[in-house]
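Heads up, the thing below is written out as structure tokens.
None of the figures in this text is laboratory data; all of them are computed from the coordinates on show. Owing to the predicted nature of the structure, the values given are computational and were not obtained by experimental measurement. Cβ sites come from the backbone with ideal geometry, for glycine too, and all protein chains shown count toward neighbours.
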Amino acid sequence: MSKIVSGSCIMGVDILPMSSPSSMLSRRYAAFLLSKDANETFEKLTLRELLKIINEVKPDIVASDNIFEFAPNQRGIIYLLRRFPPSTKLVQVTGSPAGGMEPLTSIAAKYGLTISSKLSPTEAAEVCARLAAKGVGYIVYAFENETKIIVSRGRTLGPGGSSSERFRRRLHALVSQTTQVIKNILDDARIDYDLYTQESEHGLKQSKFLVYADRARLGSLVKPSRGRDVQVKVEPVVLDKLEWIPLIPKVVTPVSKKALILGIDPGITCGLAVLDLDGNLLLLRSEKELTRKKIIEEISNFGVPIYIGSDVYPPPEFVKKLANSVNAKIFSPSHTMSVDEKREITRKFLDGKSLKARDSHQRDALASAIKAYQYLKNKFEQVEAHVKEMNVDVPLDQVKASVAKGASISEAIASFLEEEELEEAEEVKAVSEEKPEETIDKLRKNLEQLRCKFRRCREKNQRLEQQILQSQETINSLKEEIKALNNQLEVLRSENFAEIKLNRLHTRYHEENARLKAELARIKSELASVRLQLSGLRRIKLMESRGLVYPLKVVKSFTQEEIRKADELLGIKAGDIVFLEDSTGGGRQTAEILVQKRISAVICGSGISHIALERFLEADIPIIPREDINIKQVDEFAIVDKEELERVLAKYKQKTLEQKRAQAEKLLETVVKQYREERQRELSENH
């Protein structure tokens, strides 16, 4: 690693005094380029100038004593790294937040670099470059080693119209074609990926590729584009927080982990369930766009999966890739499990437990894990019985894992016994070297015990070999039977597929036919209604021309807006009679509009407000209640019998005249009474 780093092109960078990372204008940098050809120094660079040089030179490493001299926060660092060449790494040579930081001068002295007590920015940049060349520092990662490719339509679908469905079909077909092109490119380049799609009847609404390769490898194969119909976005997957990885990785001693059974329900929302080999539920969750890397990181906290279960047959490509990544076997049922079957399995398993399946994805993942465990449970019980019968001390969980991966029970137990005996032999050897006189008797006893154990194992092995031969015959017979059943199943599937497709097509045509019939019936009903209305209007017009009826101007409600609409449609003019279907709500200003039109009368379909009534009376406009006159109405048109109208108006005028006479008499009585009171008061004052 050190040789590789030292042979690279490295640029050290340090910020100048009085510069602030939070200021785009004031910050300036010094840089030192260290390469095998020649070294070069740069002074007083703006960030834009620095990025331009980095993109021209494309150094393997940009080294700094503090990466937050480039930007004040994580968001700024991500912005910076997006503008680096894909192959350039950002390195902090003074340590990491988790591992601790050291002054640049201390680290330089530790690695034998001769420096002055106080470094100038140019000298600090050179020290950073030379330390990175020695493999000192931490690479700062802001992105996963993954890239997201999103294929979607380039424009939105309109509100509808005669060609909207054809337009939708075209866009979805183009999204599907573009997705297939990208899929072929990735397959030809042998790049691993997961594909999530939103399907429609005519293609794809959208597709998302999660590609397990960085943007440097993917850049020349798939490029972002935005066309009139389809757009392709290529984005690196951003980490939740910055990661700090040593330039020279530390060697970690592998630790034996607990064996697990994993259940997966792949999709845009992925379900995940984890069981141990005793059938205990360790984890149950679901999350959108849960990648294989995130799944592996999640389950590594519990152990290592040896079996991955699926609820469908055949297992999805996502499950196959995940199993290959962790070297696990796949369990897939002989048929795709129904929803009722999965509900029943999970209900029985979760009965009495605190964890519950919160959605269908968790339920399906848990059902997959349970089925895988049930498939292995008999083998695990056999392992427990054999270990108990042999009375040997072996790691039971690891023996079960070996058997689940394909080893026979005797082979799995023997492998761990050999390890144990080797450890015992080493202990005996160590003891014998220290005190040979005292250990001879112990060695003889141990030898006799080992001989007895060997005889038991040999007898056990003979019995197991006999069982293996019998089992092998049974397995061969079952394989032949399975092969025959699979052949029958393929024939049935091909026949059923054609029949299902025909049934779906028939159902779709039947539904469309029913919809068109309903639409035709609705149109016929509307046409009959229109014809009936037209006939009624003709009769009304004929009666009006003969002078038998009087037309009314219909206003649906007593509001300024409805009066305006009626005026535009019918034309309210002087001398017209207005029929207010709903006369509530209107006030003095609304009544004023009709008064200004100089109408001759108002027919009220319901009660009218006092202030509106008062304004009509002031204008001497008759107000006739709806129940006092017989109105014949067709939609916006209405008529009344002319003779009946004249009688009602005459009756109204007579009533109005009597009311006015009564008011006048009452007023006269009031005036006379007041006069008499005033005269009486004057006479009493004079006396």
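Couple of notes before you dig in:
- Overall, the chain carries a charge dipole of about 2380 debye about its Cα centre when +1 sits on the Cβ of Lys and Arg and -1 on the Cβ of Asp and Glu, all other atoms neutral.
- Protection proxy ranking, highest mean first, for peptides 410-416, 126-132, 584-590, 518-524: 126-132, 410-416, 584-590, 518-524, where packing is the per-residue count of other beta-carbon atoms within 10 Å, averaged.
- Based on the reciprocal of the average 1/r between different C-alpha atoms, the Kirkwood radius for the chain equals 36.6 Å.
- Stokes-Einstein translational diffusion, the stretch 2-136 - Kirkwood Rh over all Cα pairs, 1.306 mPa s, 10 °C, in µm²/s: 107
- Zone residues, the stretch 257-282, relative to residue 356, backbone N less than 19 Å from point 7 Å out along Cα-to-Cβ: 272-273, 281-282
- Pairs with C-alpha atoms separated by more than 24 Å, drawn from the list 517/565; 651/673; 329/371; 288/342, are 517/565; 651/673.
- Neighbour net charge for residue 224 - beta-carbon separation under 10 angstrom, K R +1, D E -1: +2
- Under a 5 Å amide H cut-off, with hydrogens placed 1.01 Å from N, residue 230 pairs with 154 among residues at least 5 apart or on other chains.
- Pairwise FRET efficiency - residue 619 versus residue 650, Cβ, R0 = 22 Å, nearest 0.05: 0.70
- Extreme residue, positive dipole direction of the chain, given options 70, 606, 20 (C-beta unit charges): 606
- With a cut-off of 16 Å on the backbone N, the residues of the stretch 165-181 near the modelled label site 7 Å out from residue 512 along Cα-Cβ are 165-170.
- When the stretch 29-73 is reduced to its Cα atoms, the Kirkwood hydrodynamic radius in Å: 11.5
- Cross-link pairs exceeding 31 Å in C-alpha to C-alpha distance, out of 52/118; 294/501; 208/241; 134/241; 257/388, comprise 294/501.
- Of 89/148; 58/148; 524/573, those spanning more than 30 Å from alpha-carbon to alpha-carbon: 524/573
- Cα→Cβ-extended label distance, 7 Å offset, between residue 101 and residue 582, nm: 7.1
- For the stretch 568-649: rounded, prolate or oblate by the Cα gyration tensor [a/c cutoff 1.5]: rounded
- Computed on the stretch 549-669, with alpha-carbon pairs under 8 angstrom and 6+ residues apart, the relative contact order is 25 percent.
- When the chain is described by a simple charge dipole with +1 on each Lys and Arg Cβ and -1 on each Asp and Glu Cβ, the residue from 502, 93, 277 located farthest towards its positive end is 502.
- The calculated 222 nm mean residue ellipticity attributable to helices in the chain amounts to -18000 deg cm²/dmol, summing -39500 (n - 2.57) over DSSP H runs of n ≥ 4 and dividing by all residues.
- Size descriptors for the stretch 150-231: radius of gyration and Dmax over Cα atoms are 14.0, 46 Å.
- The Rg/Rh ratio for the stretch 259-390 is 0.96, where Rg is the radius of gyration of the alpha carbons and Rh is the Kirkwood radius.
- Under 9 Å, Cβ to Cβ, from residue 122 - net charge with Lys/Arg +1 and Asp/Glu -1: -4
- Counted residue by residue at 0.36 nm each, then reduced by the alpha carbon distance between them, the extension gain from residue 478 to residue 661 reaches 54.4 nm.
- For the stretch 559-604 and the stretch 53-104, distance of Cα centres in Å: 78
- Neighbourhood charge, 13 Å Cβ-Cβ cut-off, centred on residue 136 and excluding it, Lys, Arg +1 and Asp, Glu -1: +1
- Computing FRET efficiency as 1/(1 + (r/R0)^6) for residue 155 and residue 188, where r is the C-beta to C-beta distance and R0 is 41 Å, gives about 0.85.
- Virtual spin-label span in nm between residue 471 and residue 597, 7 Å along Cα→Cβ: 9.7
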